[in-house]
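**Student:** For reference, the structure I am asking about is given below.
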């Protein structure tokens, strides 16, 4: 049986460069030596990559800075004059390939490039030895959605988990819940005497009851648990935690960037702006804006905890972990940047809108074909 450290080091040799690299932020070739030195000190790796138009061109090292000073260059000198060349590998290269390059060239490290030849990071020889941390798990800003078929995650560039039709199904499901809550509200208020149905307070109470029905059904269905699992996995990835059921289950269910906060903020603003406590519309809008800025996150967090998420089951947590593992694997070799169109498509919003719009159209024609009475129609 091989020693534990040898087994771990062997595993490193088959990992991809994208998984092994230490991320570094580049400077541009027209930047100053002062900026390069500042970035080098800030990142603490003794080297900074240089790019031109998002494409790697070389590195500036401590030796480069010493040579620049010896040549009489001050901090305002252009970085491109002192660029050094280090060996590069694509993000798909293995640890064994990196080891061979380091051994043959004697270089301090290799630079890892993505598919667009932008800088991803560095791999030193020390990174190929045993480590308690899985090199693939890197902190990253992650977004996501809950779908009826599991968790969807994205870093704004690529997506993983339940993508495509499951996202469309999410939009359809949310519209169906809204339609169902409308029918329930209509049925409830048809029990009232005809003489009071047209009063203003009845309409306002109907809007409130409609919201209560919608949120109650949302909380009751499995989607709320999947939403909770999504938040837990996102927290784990953003903290750099390992994606294991024990660790993920400890993460919070409330996330500060959840769309629930935005929806609650919009609701708070509309409600406060509509109150007729003063005749000055400008004052009402100003008070509503200030109150919304102060309340949207605290109130949104309460709604997340008690309404839009609930404690996930173990199978829902495992669905989220599977999506997280897939996303991290894709991030190892994916380009660092993407076009605006691709980022919008990866967000899943277009899928949600498509699913909701398709459901609206189907219900509209269904009400016509079935001759639903006007009082019961969602589309009056």
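All of the numbers you see were taken from the coordinates with simple rules; none came from a lab. Since this is a predicted model, take the numbers as computed values, not measurements. Cβ coordinates were reconstructed from backbone atoms using ideal geometry, including for glycine residues, and neighbour counts include every protein chain displayed.
**Student:** Contour minus end-to-end for residue 241 and residue 263, with contour as 0.36 nm per residue of separation and end-to-end as the Cα-Cα distance?
**Tutor:** Numbers: separation 22, 0.36 × 22 = 7.92 nm, distance 2.92 nm.
Between residue 241 and residue 263, full extension yields 5.0 nm more.
**Student:** Would you mind computing the Rg to Rh ratio of the stretch 4-128 from its alpha-carbon coordinates, Kirkwood style for Rh?
**Tutor:** Details: Rg = 15.1 Å, Rh = 14.9 Å.
Radius of gyration relative to Kirkwood radius: 1.02.
**Student:** In degrees between 0 and 90, to the nearest 10, how far off the longest principal axis of the chain does helix 165-189 point, with axes built from Cα atoms?
**Tutor:** The helix 165-189 is inclined about 20 degrees to the chain.
**Student:** Also, quick follow-up: Per residue of the chain, what 222 nm ellipticity follows from adding -39500 (n - 2.57) for every DSSP H run with n ≥ 4, rounded to the nearest 500?
**Tutor:** Details: 14 runs with 203 residues, N = 380.
Mean residue ellipticity at 222 nm (helix-derived): -17500 deg cm²/dmol.
**Student:** Also, I was wondering about something else. Order the peptides 17-23, 269-275, 280-286, 97-103 from the highest to the lowest mean number of other Cβ atoms within 10 Å of their residues.
**Tutor:** Averaged packing, sorted descending, gives the order 17-23, 97-103, 269-275, 280-286.
**Student:** Taking the chain as a Gaussian network, where each spring joins two C-alpha atoms under 10 Å apart, which residue of 150, 161, 75 fluctuates the most?
**Tutor:** Highest fluctuation among the options: 75.
**Student:** Nearest 10 degrees is fine. How inclined is helix 223-239 to the longest principal axis of the chain, computing both from alpha carbons?
**Tutor:** With rounding to tens, the tilt is 20 degrees.
**Student:** Cα-based Rg of the chain per 2.2 N^0.38 Å, rounded to two decimals?
**Tutor:** With N residues counted in the chain, Rg over 2.2 N^0.38 Å equals 1.31.
**Student:** Taking the 0 to 90 degree range and rounding to the nearest ten, how far is the long axis of helix 281-303 tilted relative to the main principal axis of the chain, both from C-alpha atoms?
**Tutor:** The angle comes out at about 70 degrees.
**Student:** How far, in nm, would the chain grow between residue 364 and residue 41 when pulled straight, counting 0.36 nm per residue and subtracting the alpha carbon separation? Write down the numbers at each step before the final one.
**Tutor:** Working: separation 323, 0.36 × 323 = 116.28 nm, distance 6.21 nm.
Working it through step by step, the gained length comes to 110.1 nm.
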